[in-house]
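Throughout, read-outs are computed from the coordinates displayed, never taken from laboratory work. Because the structure is predicted, anything quoted here is derived from the model rather than measured. Here the Cβ positions follow ideal geometry from the backbone for every residue, glycine too, while neighbour counts run over all protein chains shown.
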Amino acid sequence: MRVTRLAIPDVVLIEPKVFGDARGFFFESFNQKAFNEATATCHQFVQDNHSRSGRGVLRGLHYQIEQPQGKLVRVARGTVWDVAVDIRKSAPTFGQWVGAELSEDNQRQMWVPPGFAHGFVVLSESADFLYKTTDYYAPQHERCIAWDDPQLAIGWPYAGVPSLSAKDAQGIAFAQALVYP
């Protein structure tokens, strides 16, 4: 596997070794030992999630203020632009974001550690988005930062107005968000 630390070094892009031939392909999508070595962490995953969304659907920027979740994300079908925003006030990269294209073709995965808000927009006709989490979903602790917050100035590569859930449409400004110490 190839491991690339992004501009925020705690966020890691993982590219598995894919074995393909005329019949199709095979790759190991997760190996705990290899993940720990690649990320220099020892997180264990407790929950797997799968969402399907159409073109232009934007989900995020989500986080849990208590029971923070690290997320290992990938796309099984389609293409998305995936974003992580550092909301750890003590971090030198506080308020900065990184993004990467994840697709069924490039098989990339992104490790988004606890302490980050996360979101993605679908660039293909539809996308199946899979992610493992390091803690359980706790709706009472879930928060949402506005996807288009001018202070964050995320460069979403989607022309037009994205489709948002009612919850995501109510995302608050980064300046008013509860953040991690």
Order of Asp135, Asp105 from fewest to most other C-beta atoms within 10 Å? Asp105, Asp135
Which FRET efficiency value, to the nearest 0.05, is calculated for Gln67 and Glu37 with the Förster distance at 25 angstrom and r the Cβ-Cβ distance? 0.45
Give me a comma-separated list of calculated 3J(HN,Hα) values for region 49-64, in order, Karplus coefficients 6.51, -1.76, 1.60 applied at θ = phi - 60°, integers in Hz, x for any Gly or Pro. 10, 9, 10, 10, 9, x, 3, x, 6, 10, 10, x, 8, 9, 6, 10
Which one, Pro162, Val80, Ser90, is farthest towards the positive end of the dipole of the chain when Lys and Arg carry +1 and Asp and Glu -1 on their Cβ? Ser90
By per-residue mean of other Cβ atoms within 10 Å, what is the highest-first order of 156-164, 115-123, 70-78, 22-30? 115-123, 70-78, 156-164, 22-30
Amide H of Gln69 versus every other amide H placed in the peptide plane: which residues, excluding those fewer than 5 positions away on the same chain, fall under 5 Å? Gln64, Gly115
Surface/4 of the Cα convex hull for the chain, nm²: 10.4
Going by how many other Cβ atoms sit within 10 Å of their own, how do Cys144, Cys42 line up, fewest first? Cys42, Cys144
